[in-house]
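Student: My structure is below; once you've seen it, I'll send some questions.
The numbers here are math on the coordinates, done by the rules we state, and not lab data. Everything numeric here is computed off the predicted structure, so don't read it as measured data.
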Amino acid sequence: MSQITKALRVNEQIRITPIRVIDHEQRQLGVIPTHEAMTLARENGLDLVEVSPQERPPVCRIMDYGKYKYERKKRQKVAAAGHVVELKEIRIRPKTDTHDREVKLKHAREFLAEGHKVQFTMLFKGRERAHRDVAQEIFDSIIRNLGENIRLERAAAMDGRRMTMIVAPGTGKPAGSAPSPPASVARPVPVPVQSQPVGVLGGMEKSLPDGVPAPQGTTV
């Protein structure tokens with residue numbers, strides 16, 4: 001499995017034409033020129049991946065290749081444990097309005113509550129790629145809105161023609177927060193064991209016998 005995956009050709013690495021294409025919605029597009037399939041992939045912010053090079057013509061799929069590799073790696077890790085944590089994807093654009101973003105955040109919270117991880121994918125079109133600072137601000141806002149109980153598994157970073165970020169269910173601390181330093185605990189000061197006066201009665205001092213410590217006050 002891993003050897004086949006390593007041999008996959010992606011995007012410009014696919015030199016042969018024409019190819020048989022399956023799009024990101026599992027629809028058969030038939031046999032088309034490779035450059036047309038590449039254009040379709042780019043328009044959707046995705047990759048063109050050659051999945052069956054031995055076929056004639058070769059079979060290629062339009063997919064998020066970064067997500068595919070990530071999920072395959074996670075499946076291999078958890079196979080022995082007998083359960084799979086799914087990676088859910090939330091797609092947004094730099095111009096996604098506030099209402100739509102809130103709807104997507106609601107879905108993200110539901111996925112996280114179910115124990116799944118969430119990949120936020122920022123898709124760029126044309127000149128939007130020049131405004132990566134805007135995308136970074138949006139991702140920072142998402143982290144703030146998700147609040148506590150999440151963990152930032154992979155910080156926002158460019159991945160080809162898109163920016164991605166992965167969050168996971170956390171341990172009750174805000175994402176990226178540093179652990180709190182341990183509280184300072186007051187320790188009692190040792191007192192030398194000796195005979196000490198504990199009071200005066202009728203002008204006479206009373207002492208404790210050797211080996212018994214004198215009573216002390218409590219620091220609050």
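Student: Mind checking Rg over Rh on segment 1-155, alpha carbons, Kirkwood formula for Rh?
Tutor: On the way: Rg = 17.8 Å, Rh = 17.6 Å.
On the Cα set of segment 1-155, Rg over Rh gives 1.01.
Student: Right, another one. How large is ³J(HN,Hα) for each residue in segment 64-72, as worked out from phi by the Karplus curve 6.51 cos²θ - 1.76 cosθ + 1.60 (θ = phi - 60°), to whole Hz, x for Gly and Pro?
Tutor: Karplus-based 3J(HN,Hα) across segment 64-72 equals 8, 5, x, 5, 4, 5, 5, 5, 5 Hz.
Student: Percent antiparallel among DSSP beta bridges with both residues in segment 82-169, to the nearest 5?
Tutor: Numbers: 13 of 19 bridges.
The antiparallel fraction comes to roughly 70 percent.
Student: Starting from the Cα-Cα distance between Ser52 and Ile16, subtract it from 0.36 nm times their residue separation and give me the gain in nm to one decimal. List each step's numbers first, then the result.
Tutor: Working: separation 36, 0.36 × 36 = 12.96 nm, distance 1.25 nm.
Value of the extension gain: 11.7 nm.
Student: Could I ask something else about it? Can you pull the semi-axes for segment 82-169, root of five times each eigenvalue of the Cα gyration tensor, sorted largest first, whole Å?
Tutor: Numbers: eigenvalues 99, 40, 25 Å².
Whole-Å semi-axes of the equivalent ellipsoid: 22, 14, 11.
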